[in-house]
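Chemist: Please read through the structure below; I'll follow up with questions.
Just so you know, all these numbers are worked out from the coordinates, no wet-lab data involved. Bear in mind the structure is a predicted one, so any value in this text is a computation, not a measurement. Here the Cβ positions follow ideal geometry from the backbone for every residue, glycine too, while neighbour counts run over all protein chains shown.
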Amino acid sequence: METLRSEHKLCLSCMEEHDVSIVEIEEKEIFKGGEVEITSIYEYCSNTDELLETEDMIRANNLAVKDAYRKKMGLLTSSEIKNLREKYGISQKDFSEILDWGGATITRYENHQVQDRAHDDVLRKIDSDPKWLLDMLKRAKDRLSEKAFAKYFHEANEEYNKRKNQYLIDAIYAIYADFEEETVPGSMELRLDKVVEVINYLAQRVSNLHKVKLMKMLWYSDILNFKRHGNAITGLAYSALPMGAVPEGHDQIVKLEGVSFDIVLYDEIAYKFKPTPGFEIKNLSDDEIASIDKIINEFGELTTPQIVKKMHDEEAYKNTPKNCVIHYSFAGSLSIE
Ligand SMILES: [Zn+2]
């Protein structure tokens, strides 16, 4: 028995006013035919040597038994259920409605009733898969108020986007697992935060920044910085494709959170990059910005065919076999500086 604190009050055990201790006790309880270990809370009267439970304590001790059982059985605890519901900002009643479980089901799960395995699986799925919740919300739309639906949909969408970005980041790192110092001399740690910043910085200053031009300007910025300071800015690995240097994972990179573009239709669909509202530089150093500025001065006004032509004349490009990774060791022969 451990004393947590004491309160001066009328003691319902001895019916006198005195300092009543609030104590914690490790106990074993039987629930659903099995034993669970819990920490219960009681009031303790030293006059009668008795333990007492207030209404709140009865509720808390009861919940502790249920949660200990849930943990033992590998089910979500009451607070885990509450947390996942609150992550999406959904009320208890509406959550039951969305799941089609009957009005008070979630309220009961967050309190005294232990959910069955099937419901537990559904709750876990919602926790890990916001896309699924979005589908369930659409299904329940008519049964929710317009305002509540809009709010929940927004929250679920935010969670989905967060996850989508993490999937992209994971995919890019998986691609880059193959590019180490041994395979790409001069390579360095991949910094996706800097990739996003360089793209935004360029998009702010270069008009008509289409994808092919952006890819070249990224390469030039990286290799110029390498030439000047011995390290690239982003750590991207670039391959020698027919149109010049293209970073590995370029399809994923342009979809990263913080990268913005319009889709424009010429002869074919093209990406035109633009600064993301609220963009600010947090990670690029002054030296790195100076390298990018130099590239903007040199190439910012060039058309895509002109910059591709420049690229084709670079020793780094000419000396790299088709589709192979361009080594940073060519920085010395760069046409700039
Ligand atoms: Zn007492």
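Chemist: Please list, in order along region 297-308, the HN-Hα scalar couplings obtained from phi with the Karplus expression 6.51 cos²θ - 1.76 cosθ + 1.60 (θ = phi - 60°), rounded to whole Hz, x for Gly and Pro.
Modeler: Result, ordered by residue: 4, 6, 10, x, 8, 6, 7, 4, x, 5, 6, 5 Hz.
Chemist: Name all residues of region 299-337 having a backbone nitrogen under 12 Å from the label point set 7 Å from the Cα of ASP267 along its Cα→Cβ direction, giving them as ranges.
Modeler: From region 299-337, the list is 305.
Chemist: Based on alpha-carbon atoms only, what is the radius of gyration of the chain relative to the globular estimate 2.2 N^0.38 Å?
Modeler: Ratio of Rg to 2.2 N^0.38 Å for the chain: 1.53.
Chemist: Using the structure shown, list the pairs from LYS32/LYS71; LYS162/LYS322; LYS255/LYS282; LYS272/LYS294 with a Cα-Cα distance above 25 Å, or answer none.
Modeler: With Cα atoms farther than 25 Å apart: LYS162/LYS322.
Chemist: Report the label-to-label distance for ARG143 and GLU53 in nanometres (one decimal), using points 7 Å from each Cα along the Cα→Cβ vector.
Modeler: 3.4 nm
Chemist: I'd like the distance separating the alpha-carbon centroids of region 243-261 and region 262-337, in whole Å.
Modeler: Result: 12 Å between the Cα centres.
Chemist: May I ask for the angle, rounded to the nearest 10°, between helix 78-87 and the longest principal axis of the chain, with both axes built from Cα atoms and the value confined to 0 to 90°?
Modeler: Computed tilt is about 40 degrees.
Chemist: Once the Cα gyration tensor of region 189-333 is diagonalised, what are the square roots of 5 times its eigenvalues, in whole Å and ordered largest first, as equivalent ellipsoid semi-axes?
Modeler: Largest first, region 189-333 gives 21, 19, 14 Å.
Chemist: Over region 36-168, what lengths in whole Å, largest first, do the semi-axes of the equivalent ellipsoid take, defined as the square roots of 5 times the eigenvalues of the alpha-carbon gyration tensor?
Modeler: Listed largest to smallest, the semi-axes of region 36-168 are 35, 16, 13 Å.
Chemist: Related question: Using only helices, what value at 222 nm comes out for the chain when you add -39,500 (n - 2.57) per DSSP H run of length 4 or more and divide by the total residues, to the nearest 500 deg cm²/dmol?
Modeler: It lands at -15000 deg cm²/dmol.
Chemist: List SER335, SER78, SER91 from most exposed to least, where exposure is judged by having the fewest other Cβ atoms within 10 Å.
Modeler: Details: SER335 12, SER78 20, SER91 16.
Ranking SER335, SER78, SER91 by Cβ neighbours within 10 Å, fewest first, gives SER335, SER91, SER78.
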